[in-house]
Amino acid sequence: MPRIERKAQIVWEGNVARGAGSITAASSGAFTDLPYSLPSRVGQPEGKTSPEELLAAAHGGCITMSLAGELVGAGTPPGRIDVTCLIVMDEIEGQGHQIVGSHVDAVVAVEGLDDAGLQAVLVKADESCPFSSLLKRAGAEVQVAARLAE
């Protein structure tokens, strides 16, 4: 796989407590001017995003693609994968606020695979997901779970 580079553009105006900013996907243009602020980061989102929500989207999207690839490699291509990713930030004594965890939950619609097979594929998907690797190297707890769709 070639080297991959993507760019986001961020604008912030004002101080951290009362200021606000926006985030734009500069490489793709897929989203523009997503608003964010300290209140949306630590309180109710009220239609704004946060760096943690974007990290959840990035990790969730990455592991979903990794899982799809591993399922195809196992000869059982998925029909659909629904993933939820929860990023946890907490205050660590002497270190301030840190990302301490990412919890991924996947529901997989796939034919010809039992739960044991799904769990084996999930381990490989987690190991090959660059975001899982990054978070683990940073000391965050990464929990990845999957179940077959009913």
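The values are calculated or read from the model by the stated rules, or taken from the named source; none is laboratory data. Since this is a predicted model, take the numbers as computed values, not measurements. When we count neighbours, we look across all protein chains shown, and the Cβ atoms used for this are built from the backbone with ideal geometry, even at glycine.
Some values worked out for this structure:
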read-out: Condition met for Arg41 (under 18 Å from the mean Cα position of the chain (by Cα), modelled with pLDDT under 95, basic (Lys, Arg) and crowded, with 17+ Cβ neighbours inside 10 Å); value: yes
read-out: The one condition in (1) free of Cβ contacts under 8 Å to residues at least 40 places away in the same chain; (2) touching a His at 6+ places or on another chain (Cβ under 8 Å) that Leu135 fails to fulfil; value: (1)
read-out: Count of the range 1-43 residues which are over 15 Å from Leu54 (Cα atoms) and not in a loop (DSSP other than H, G, I, E, B); value: 5
read-out: Residues satisfying the stated conditions in the range 7-18, i.e. modelled with pLDDT of 95 or more and of a type outside the set (Phe, Trp, Tyr); value: Lys7, Ala8, Gln9, Ile10, Val11, Glu13, Gly14, Asn15
read-out: Elements of type strands (runs of 3 or more DSSP E) contained in the range 73-150, each with 2 or more residues being small (Gly, Ala, Ser) and surrounded by 19 or more Cβ atoms within 10 Å (Cβ to Cβ); value: 96-110
read-out: Matching entry among Ile63, Ile23 (being modelled with pLDDT of 95 or more, in contact with an Asp or Glu (Cβ under 7 Å, 6 or more places away or on another chain) and either surrounded by 10 or more Cβ atoms within 10 Å (Cβ to Cβ) or closer than 30 Å to Ala146 by Cβ (or both)); value: Ile63
